[in-house]
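Each reported figure results from applying straightforward, stated rules to the coordinates on display, with no laboratory input. Note that this is a predicted model, so its numbers are computed, not measured. Here the Cβ positions follow ideal geometry from the backbone for every residue, glycine too, while neighbour counts run over all protein chains shown.
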Amino acid sequence: MEIVNANDENSFDPTPRLKSSPIPIKFISINMWDENCIYCGEKYIRTLLCFWQKYCKKCLSRYINDITDNNIYLDVHYIMDLECSEHEIVNRTQVPQSIQECCGNCVSILYFKQIDGNPISNDGTDKNISTLYNKVIESERNCKLCGKSSYQGTDEWTKLCSLCSDCYLISFELIESTLVKKQISILYLPWWRNNSRDYIV
């Protein structure tokens with residue numbers, strides 16, 4: 001990944017191919033230890049392919065209903081359930097291009113690409129999860145946002161977690177510390193961390 005100086009006169013965007021959501025993304029747990037949604041109180045649901053990623057189905061449904069366009073705000077893998085209590089699923093073969101085209105009731109999140117999550121191991125014991133996992137790995141051959149060829153090695157965990165160096169940029173800037181009155185480096189990462197114990201040395 002390329003490191004970019006955020007002090008550049010041009011405005012810096014760490015994820016240039018993702019738009020900023022016009023509505024706050026409240027359905028994602030920003031603390032892996034939380035059990036209930038901090039906004040509505042509903043129990044978080046774990047994503048199907050990552051242990052530490054959680055989301056609130058109720059807040060996700062609200063978000064999908066409130067978004068009025070099809071811009072890409074999150075790099076996310078998801079599936080549609082075959083049945084829905086809210087509506088009839090007419091075309092089972094058509095895959096929605098963005099999460100906004102889904103019904104919040106019948107969408108299940110596989111994993112959020114830009115959030116750390118400790119992917120499950122694909123040991124093959126659950127055939128449904130194994131099939132989903134393999135489809136996601138196959139789809140990660142090229143970046144979903146720009147089409148650039150991604151990591152082509154054999155390690156599945158790295159395939160699942162690798163970020164495109166053109167779409168996810170790391171930046172830094174020097175700012176004056178208010179505490180010690182000296183310049184300090186600030187590193188901006190294009191992914192979300194949901195573990196308060198993490199740090200970079």
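With a threshold of 31 Å on the Cα-Cα distance, the over-threshold entries among 43/135; 57/135; 113/182; 19/182; 148/181 are 113/182; 19/182; 148/181. Ordered by the number of other Cβ atoms lying within 10 Å of each residue's own Cβ, fewest first, 140, 173 fall into the sequence 173, 140.
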